[in-house]
Amino acid sequence: MNEDVPDFVRNSVSWNPWHGCHRVSDGCLNCYMFVGDKKRGVTGSDIVRRSKTQFDLPLQKDRRGKYLLHDRLILTSMTSDFFIEEADAWRKEAWDIIRKRKDCTFIILTKRPQRIMDCLPSDWGEGYPNVRLSVSVENQYTWEERIPILCNVPAKKYDVFLAPMIGPVHTDELLDEYHIDCIYLGGEYGPNARPCDYDWVLEVRESCICHGVTFHWRNCGSVLVKGDHIYDGLSLEDQGRICSSAHLDHIVDDVMPKYKQMTLF
Ligand code: SF4
């Protein structure tokens, strides 16, 4: 990998112990997992399958007996949902793997926070130190629905992926009430992407600054509305340029000391 890439890119990786999902809300409409599978000619994306090659990825070692992944930020279940019902039989093993790899930080992202409590390991206590529990939300409705459920589960860290943002989200009220460590905001990408408005982004950022929450604008989506102008068909490269040149990121000290930001996924 290029030596110039920042640490957070070098240090993050996806771990997909199972693959396949069902849509649960508007944010799933253009789910990249279905799009990616279709492009590769893969059918049956709605069938949840345990991965033959990736299930034990965090425990895999090289020829010298060293873990392939060391001191990494691991994005968990990016082609499914860690708490999906069909994976109930495999989740205990996945927790065992997470427990063993204390040097790695696991971001566990879900759109099914109502299932978390029933799916925690027996020794969870106040949360594993190496797990950041996260929900993704796309609009005001899912923000108000999922944040209270997430924050009533004991955990060491809570993150929110406000992506794909498809409508304005007023975050002040719940950030007054609940502690969130980090909000990652992103638009939708792809040929059918729904627009994201720059003013929505600024409002969430302002709210994060007022509440001491780390804010990271990770991509602006394929369609960005800025004032009277609509930027359509933006490539990932364009999006990266727009986000980095806007300098909107707000990093709160000690929230994520090792991994200041995170790459796209
Ligand atoms: S929950 Fe996630 S993986 Fe499942 S359909 Fe929705 S966006 Fe896709």
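Just a few scattered comments:
- The chain - mean residue ellipticity at 222 nm from DSSP helices (-39,500 (n - 2.57) per run, n ≥ 4, rounded to 500): -7500 deg cm²/dmol
- Sorted by Cβ neighbour density within 10 Å, fewest at the top, the residues TYR189, TYR198: TYR198, TYR189
- Cβ-to-Cβ counts within 10 Å put CYS119, CYS210 in ascending order as CYS210, CYS119, the fewest first.
- Remark on ARG132: its backbone amide H falls under 5 Å from those of PHE106, ILE107, ILE108, a criterion applied only to residues 5 or more positions apart or on other chains, H modelled at 1.01 Å from N.
- Taking other Cβ atoms within 10 Å as a rough exposure proxy, ARG241, ARG194, ARG40, ARG50 sort from fewest to most as ARG40, ARG241, ARG50, ARG194.
- Listed by chain and number, the lysines placed with their C-alpha closer than 29 angstrom to that of LYS61 are LYS52, LYS92, LYS100, LYS102, LYS156, LYS157, LYS258, LYS260; residues fewer than eight positions away on the same chain are left out.
- Dipole magnitude for the range 33-187: computed about the Cα centre from +1 point charges on Lys and Arg Cβ and -1 point charges on Asp and Glu Cβ, it is near 1240 debye.
- Charge dipole (the chain, unit charges on Cβ, about Cα centre) - positive-most of LEU57, PHE215, GLY44: LEU57
- Length added when fully stretched, ASP56-SER235, from 0.36 nm per residue minus Cα-Cα: 61.1 nm
- One chain, two ends: MET78 and HIS179. Fully extended at 0.36 nm per residue, the span grows by 33.9 nm beyond their Cα-Cα distance.
- Summed residue charge, Cβ within 13 Å of VAL225's Cβ, Lys/Arg positive, Asp/Glu negative: -3
- As computed over the chain, the Cα convex hull volume per residue (Å³): 138 Å³
- Förster-model FRET efficiency, 22 Å R0, ILE47 and GLU93, C-beta, rounded to 0.05: 0.65
Coordinate-derived values only; no laboratory data. Bear in mind the structure is a predicted one, so any value in this text is a computation, not a measurement. Ideal geometry is used to build each Cβ from the backbone, glycine not excepted, and the neighbour counts take in all protein chains shown.
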